[in-house]
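Below: one structure, written as structure tokens.
We did not get these values from a lab; they are worked out from the coordinates using the rules stated. If you're wondering where the values come from, they're calculated on a predicted model, not measured in any experiment. Methodologically, a virtual Cβ is constructed for each residue, glycine included, from the backbone with ideal geometry; neighbour enumeration extends over all protein chains shown.
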Amino acid sequence: MKPDDFDKLKVTVDDLRQLYEPPGIEFVSSDQLPPGTRHLGQQRAIDAIRMGIQIESEGHNVFVLGPAGSHRHGLAEELAREQAAKKSPAKDWCYTANFSNPEKPHTLSFPTGKGDQFRRDMRDLIDELRLSIPATFESDDYRNQLKAVEAATQKEVEEQWKELEEHASARNIGVMHTPTGYVLAPIKDEKVIDEEEFSKLPESERAEIQKAIKVLSEELQSNIEHMPQLQKKHRERVKALNRDVMEHAVGVLISDLRKKYRDMPAVVIYLDEVQRNIIENADDFRSPDSSPLPYLVRDSSELFSQYEVNLIVSNKENVAAPVIFEPNPGYTNIIGKVEYRGEMGVLTTDFRMIRPGALLAANGGYLILDMHRVLSHPFVWEALKQALFARQVRIESPGETYGFVSTSTLQPDPIPLDIKVILVGERWLYYLLCVYDSEFNDLFKIAADLDDDLKRSDENIEAYLLLIADRIRERKLLPFHRDAMQKVMQQRARRAEDSERLSMHMRSLEDLLTQSDYWARQRGAEQVNASDVSKSVDEIARRLGRPQARIADAIQRDILLIDTEGACIGQVNGLSVVDLGEFRFGFPVRITATTRIGTGEVVDIEREVKLGGAIHSKGVMILAAALSSRYASNVPLSLHGNVVFEQSYGGVDGDSASVAELCALLSSLARIPIRQNLAVTGSINQLGRVQAIGGVNEKIEGHFDICRERGLDGSHGVVIPRDNIKHLVLREDVIEAVKQGDYSVFAVRDIDEALSILTGIEAGKRDKKDRFPKDSVNYRVETQLIRYAELRKNFAEKPGNDKTLR
Amino acid sequence: MTKRSDKKPRIVIAVTELAPVHQLWSAALKLLAESRAELLAVFITDDRWHRAASLPFTREISRISGMDEDFTARRAIQVHDEAIHRTQIQIQELATRADLKLVFEVLAESDQQRVRELVTGSNDTLIAPSVIGTRPLFEELRKLGCRIVLIETRKETYPGPETRH
């Protein structure tokens, strides 16, 4: 290529300025556009999600892959709701007391809405029992029966004592009661005989009295020993009476419920258990006596509450299967938990304190979870997998599961699980799980991969405009003028880094619309126009552009050395890009190369000092390979080259500087200066082909800004890979400068084109004799390499030098 | 020792260890409703515990276990004092509940002089268990001409099974 042909490599203004207006749609404002397709360009992911949620077979859960902000949750939820609407609401579930083993509460399931009905029925029953049981025990009928029982027992006691008293009286012995027992003493004239009187009695009488007291003492002791048996007998009689009375009182109330739920055998069995338990514990339901330690007396309301029902899943209000998105997927929020309450310094719990998690809430329907958050919470992923494998939820604390907790707690019956889980996460997370979790693909067989962008076509541009208009309406923003819509579309292409594609990152779109609306409102407008969109974009750059401003300032003050005029051997302006998340910017960097005779090494100084990343090192190695394959292939490569990013004190990665690095090396070898009013970006392969790189827009704009600051004179420009033309979505001021001829964008296919533009000298192509044209860049490079080879050979052949260098 | 301050009528409740206080108290309340008399409770001791304890072979048999042990003079004093204490608490509680002022005194049956000081004439009333009627004390009281109300107290019952009503 001759210098006269350089203009052919310039990118035209038409290539720089892209229009995003489809021919078939006419509108002035966004509010004139009809509703569009809700999930534009995601048909592949939509089909996958639909398939996953429709297949009933085990393991066909769905993983939605896509970046944050791509509306992945909304899409999953919308499709799940669409499918849920075709299904009936799920069952109701409740926990009830297990009277024989309170630590293992039982479950009962009900048709939709019946669970709540049963809970209310049981509450009514408890209210009835609360009144009727004490009333039964207070009734005259019961009292009379109890009195009869007591009288019968008292009669037995009195008969025993009467017999004893008669025996005592017959022997003139009195039975006196002390606070703790009895004293037997001889009586005479209704008075106890004292020692003096006793001593006056005849010997025989004294002996008789003593003997009588001994006999009576034995009889008294026998009576006392018999008393506990009598008391036990009495208690049994009273208990039997209470049971009879309760059986009648409770049976009447429960039989109504039994009839109502006769179609549900499990409920009927539970009601039988309730009746049995109430009757067995009849004494507990009576009003408690006053106690010196009132806090030890069991509250009767607490006794009754054991017949309550803990309705943990109620779908009463639902008309379709549940769709749950749990934003905070901690263990308890997913699996459920058993709560505790403090009672006199001790933590206690029962079946009423079992709380459901999202798995149960979504049982019979769909559960949507953010995978990153699932993995951020301890134990959740394992617990979720266990539940899906076992197809049941067992509510227990993770401490218990892993044996960390030794205190006894509840072990509720597991609840069968019929659920479809939709995980939403980044792509890398999905691929990592595929590789590192062998169970992952067994459970999540369906991957729904969201597209990042949409191909630019008239049809898609129209659909995209409708989508933007929908978002504007949904968010109640000011209508966008046609020009503003164009500007938004341009930004969507820029976000996609491709003028032929449109980004499907919905959050950034919504942010741009919202912020543009803000700026329009700030100026009191009733419509958003293109300047509001531009302002929004500029303000993002201003808010996040502090590092960019600092670098630009350093370049203008010659702290960071960047030449934008003149020419220099072995020195080229490369282009870097910095990614700050929502904002990226580019700026020129000085790349220099030095060469001397050597053994065919090109040293990447960045790599040597461990500031270069692997891809950068790869780029340098490729350029070394390109060098050796292009020039003087019949002599040993006798070069030692050093390449460095000057004034770079942080890490460098990527291969987008490999064209610049090779040009600097060749400039050094050929001793031909490189134009400093140009910057170059692009990667290179071993054959010298220049390949596309990322961040091309930011890189061009970064160089343009520096040149504009110093004054554009028409000589400034940038060299980019030709394959990057389709990625150009440049700022309006850059396009305008190009249009005015103040700035140029050269697009090159290979290193020769790049070299020609940068040096202003033809690079040179080999002729039929395989020789480069004399005075071409390549000719000079090859000549220098041959010279290095000869010098090296001569050097090696001198006595005492290393012969292997030949 | 209580001294009489004026000619205000007096109701004396004579309680013994074997007589239930409640019955006597009920009778006293009825009389108090008729006249604004001052109230005095007298615990009349007897020496049966001491007499029984003086015998070398007397033993106390536990109501709970049926085990027996010597019934000593010391134990007799303890039982006697406990009976007085229990009775005093019981009757004082009844007076407090009825918002009445009550003087409690312990009196030996043989202390005839004190009996004459407590009950002086026809204005005064003595409420006593019927068992007093067989005692020599009763004869002394009759001579004083005071009004005597004898209450037929129920016979001490044997401990039956514990039931709740």
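So the values come out like this:
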{"item": "Candidate aspartates and glutamates - alpha carbon under 17 Å from A:K739, same-chain residues fewer than 8 apart omitted", "result": "A:D7, A:D14, A:D15, A:E701, A:D705, A:D713"}
{"item": "Under 9 Å, Cβ to Cβ, from A:A362 - net charge with Lys/Arg +1 and Asp/Glu -1", "result": "0"}
{"item": "Normalised contact order of the range A:550-797, rounded percent, pairs of Cα under 8 Å and 6 or more residues apart", "result": "23 percent"}
{"item": "Nearest-0.05 FRET efficiency for A:L580 and A:K8, computed from C-beta distance (R0 35 Å)", "result": "0.40"}
{"item": "Point-charge dipole on Cβ atoms (K/R +1, D/E -1) for the range A:550-797, about Cα centre, debye to 20", "result": "960 debye"}
{"item": "Long-range HN-HN contacts of A:I312 with modeled amide H, under 5 Å", "result": "A:W93, A:C94, A:Y95"}
{"item": "Hits among lysines - C-alpha to C-alpha of A:K337 under 23 Å, sequence gap 8 or more where chains match", "result": "A:K91, A:K104, A:K316, A:K385, A:K420"}
{"item": "Cα-only radius of gyration and Dmax that characterise the range A:550-634, units Å", "result": "15.9, 51"}
{"item": "Acute angle (nearest 10 degrees) that the helix A:380-390 long axis makes with the longest principal axis of chain A, alpha-carbon atoms", "result": "70 degrees"}
{"item": "Interchain or long-range residues, amide H under 5 Å from B:L107's placed H", "result": "B:F43, B:I44, B:T45"}
{"item": "Cα pair count fraction exceeding 38 Å, expressed as % - the protein assembly as shown", "result": "71 percent"}
{"item": "Charge dipole of the protein assembly as shown about the Cα centre (unit charges at C-beta), most positive-ward option of A:V157, A:Q32, A:L65", "result": "A:Q32"}
{"item": "Nearest 10 degrees, 0 to 90: helix A:43-54 Cα axis against chain A principal axis", "result": "20 degrees"}
{"item": "Calculated on alpha-carbon atoms, Rg and Dmax of chain B in Å", "result": "17.6, 54"}
{"item": "P(r), alpha carbons of the range A:550-797 - 5 Å bins starting at zero, rounded %", "result": "1, 7, 14, 19, 20, 16, 11, 7, 3, 2, 1, 0, 0"}
{"item": "Count of Lys pairs (Cα-Cα under 16 Å; at least 8 positions apart or interchain) in the range A:124-296", "result": "7"}
{"item": "Relative contact order %, chain A, counting alpha carbon pairs below 8 Å whose residues are six or more apart", "result": "16 percent"}
{"item": "Equivalent ellipsoid, the range A:427-545 (semi-axes from 5 times Cα gyration tensor eigenvalues, Å)", "result": "34, 16, 14"}
{"item": "Relative contact order for the range A:124-296, counting Cα pairs under 8 Å that sit 6 or more residues apart, in percent", "result": "28 percent"}
{"item": "For A:G600, distant residues with modelled amide H under 5 Å away", "result": "A:L639, A:H640"}
{"item": "For the range A:124-296, Kirkwood radius (reciprocal of mean inverse C-alpha pair distance, Å)", "result": "20.8 Å"}
{"item": "Positive dipole terminus of the range A:310-400, leading residue within A:T332, A:L360, A:I395 (C-beta point charges)", "result": "A:L360"}
{"item": "Average beta-carbon neighbours from other chains, 10 Å sphere, peptide B:45-56", "result": "6"}
{"item": "Computed helical MRE - 222 nm, chain A, DSSP H runs ≥ 4 contributing -39500 (n - 2.57), nearest 500", "result": "-15000 deg cm²/dmol"}
{"item": "0 to 90° range, to nearest 10: angle between helix A:482-496 axis and chain A longest Cα axis", "result": "90 degrees"}
